[in-house]
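Novice: Here's a structure for you.
What follows draws every value from the coordinates through simple rules; no lab data is involved. It should be emphasised that the depicted structure is a prediction, and the values quoted were computed from it without experimental measurement. Cβ sites come from the backbone with ideal geometry, for glycine too, and all protein chains shown count toward neighbours.
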Amino acid sequence: MSELRPSEILLSEEQIRKRVAEMAAAIRRDLPNDVHVIAVLKGAFVFLSDLIRAMPGHVSLDFMAVSSYAKGTTSSGEVRLLKDLDTSLDGRDVVIVEDIVDTGLTLTYLQEILRARNPKSLRTACLLSKPSRRQVDVKVEYIGFTIEDRFVVGYGLDYAEQYRNLPHIVVLEAQA
Ligand code: IMP
């Protein structure tokens, strides 16, 4: 029986710190006034906390929680809303903050339900993207790193609720 365990470091703390600061600057350039950030729980919480602290000026926050009905390390495509927003999006410049875009099904679902709430603008920031796994063409304005089709954990990302606390991003691999 093989077990999945973290193996090589894919992205170091330093690489992540630098890229997150660049993403914060890019978002602020596009939205110089108020930014309303919506973080997708749970995976995005570490990325969110670094991203907003690298962003000067006015930032407000809200949270959503979704479950993607994962089957092992792959998503089933079904998305369920577990926690909705506390405040209205009407007329606001909104940025969705997500950990990773894989098939794109979760983000497509989120963008659809948030767009229906009449924000002034809606953009998306994802720390990671696995384009080779995409099933739907979803627009993501800010992407931190494009990675290959490998299951990764750390920096908020989990496998069975473990490894979110790792400060870097590592590949999960089968070990005998
Ligand atoms: P999508 O709907 O297939 O794009 O999946 C997005 C969600 O699947 C992410 O928010 C993660 O929770 C999870 N996910 C996809 N790939 C990974 C990975 O490599 N590590 C950890 N979680 C992942």
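Novice: Given H placed 1.01 Å from N in the peptide plane, which residues other than close sequence neighbours of Val37 have an amide H under 5 Å from its amide H?
Specialist: Those qualifying (amide H under 5 Å, at least 5 residues apart or on another chain) are Ser60, Leu61, Asp62, Val95.
Novice: On to the next question. Please list the non-local residues whose amide H lies under 5 Å from the amide H of Phe145, H modeled 1.01 Å from N, same-chain partners needing a gap of 5 or more.
Specialist: Answer set, sorted by chain and number: Leu128, Ser129.
Novice: Using mean Cβ contacts within 10 Å as the protection proxy, how do 163-171, 78-86 order, highest first?
Specialist: For the peptides 163-171, 78-86, the packing ranking is 163-171, 78-86.
Novice: Test of understanding: what is the full-extension gain from Ser12 to Lys139, defined as 0.36 nm times their sequence separation minus their Cα-Cα distance?
Specialist: 43.1 nm
Novice: Now for a separate question. Over the alpha carbons of the chain, what is the largest minus smallest coordinate on each principal axis, giving the biggest first in Å?
Specialist: Over the chain, Cα extents along the principal axes are 54, 35, 26 Å.
Novice: Still on this structure, please answer the following. Calculate how steeply helix 105-115 sits against the longest principal axis of the alpha-carbon atoms of the chain, using the helix alpha-carbon long axis, and give the answer as 0 to 90 degrees to the nearest 10.
Specialist: For helix 105-115, the angle is close to 10 degrees.
Novice: Equivalent ellipsoid semi-axes for region 62-159, as square roots of 5 times the alpha carbon gyration tensor eigenvalues: give them largest first, rounded to whole Å.
Specialist: 23, 15, 12
Novice: Please report, for the Cα atoms of region 88-141, the Rg to one decimal and the Dmax as a whole number; what are they, in angstrom?
Specialist: Cα-based Rg and Dmax for region 88-141 come out at 11.3, 35 Å.
Novice: So how strong a dipole does the chain carry about its Cα centre when Lys and Arg Cβ are +1 and Asp and Glu Cβ are -1, to the nearest 20 debye?
Specialist: Dipole magnitude for the chain comes out near 240 debye.
Novice: Another question, then. Could you please rank Val140, Val94, placing first whichever residue has the fewest other Cβ atoms within 10 Å of its Cβ?
Specialist: With the sparsest Cβ surroundings first, the list reads Val140, Val94.
Novice: Lys83: net charge of surrounding residues, Cβ under 14 Å, Lys/Arg +1, Asp/Glu -1, itself excluded?
Specialist: Every neighbour counted, the sum reads -1.
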